[in-house]
Amino acid sequence: MNSQVIPEPVQAAFSTALGRAWSVVTTEAAKEIAAVKEKALGEVRTANTELEGAIEAIERLEEQAESNTAQIESLTARLNEVEAALQKSETEKAALRATTEQLRDQVKSQQAELERVHKTLTQNASATQKR
């Protein structure tokens, strides 16, 4: 067998070339990694900013919801007061109608009684004059 030995200068040149290639590859890989890290860091910052904005918006909406709830409760209480006042007013109105009707009936009865008394007096006066 013929064993071929790589000459030392070729082997040294190959090792040097391989070392330089490895150095270039690792340098380029480090640049790529740094670029990816920088891009990821920017995206994380953007996401954090958006998250903070969303949290602030949620807090504002929660405050608005609490305010709306308080306003709804206040308006509901006021509505209940107005409904009670309306019911009372309707009850009073019905009572006044009944009273008015009773007074009308009394006035009609008094008018009829006055007419009857007037007629009787007129008849008595006529009878007295004829005597």
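Under Stokes-Einstein, with the Kirkwood radius over Cα pairs standing in for Rh, what whole-number D in µm²/s applies to the range 1-70 at 20 °C and 1.002 mPa s? Kindly include the intermediate steps, with their values, before the conclusion.
Values: Rh = 17.7 Å.
Answer, rounded: 121 µm²/s.
Assigning unit charges at the beta carbon (Lys, Arg +1; Asp, Glu -1) and nothing else, what dipole magnitude in debye, to the nearest 20, does the range 60-118 show about its Cα centre? Please report the intermediate quantities before stating the final value.
Details: 8 positive and 12 negative charges, 90 e Å.
It comes to approximately 440 debye.
Let me spell out the model: positive unit charges on the Cβ of Lys and Arg, negative unit charges on the Cβ of Asp and Glu, origin at the Cα centre of the range 6-111. What dipole size does that give, in debye rounded to 20? All intermediate terms of the calculation are to be shown ahead of the outcome.
Numbers: 12 positive and 19 negative charges, 62 e Å.
Charge dipole, the range 6-111, about its Cα centre: 300 debye, nearest 20.
Just want the answer: with Cβ charges of +1 for Lys and Arg and -1 for Asp and Glu, which residue in 110, 96, 79 is farthest toward the dipole's positive end in the range 61-131?
Of the listed residues, the answer is 110.
What translational D, rounded to a whole number of µm²/s, comes out for the chain from Stokes-Einstein when the hydrodynamic radius is the Kirkwood one over Cα pairs, at 25 °C and 0.890 mPa s? Working shown, then result.
Working: Rh = 27.3 Å.
Approximately 90 µm²/s, per Stokes-Einstein.
Net charge within 14 Å of residue 109 by Cβ-Cβ distance, Lys/Arg positive one each and Asp/Glu negative one each, not counting residue 109 itself? List each step's numbers first, then the result.
On the way: positive: 104, 108, 116; negative: 101, 105, 113, 115.
Net charge around residue 109: -1.
Quick one: Karplus J couplings for the range 102-118, per residue in order, coefficients 6.51, -1.76, 1.60, θ = phi - 60°, nearest Hz, x for Gly and Pro?
Result, rounded to whole Hz: 5, 5, 4, 4, 5, 4, 4, 5, 5, 5, 5, 5, 4, 5, 5, 5, 4.
Every number here is computed from the coordinates shown, using simple stated rules; none is lab data. None of these values were measured; they are calculated from a predicted model. As a convention, Cβ positions derive from the backbone with ideal geometry for all residues, glycine included, and neighbour counts pool all protein chains shown.
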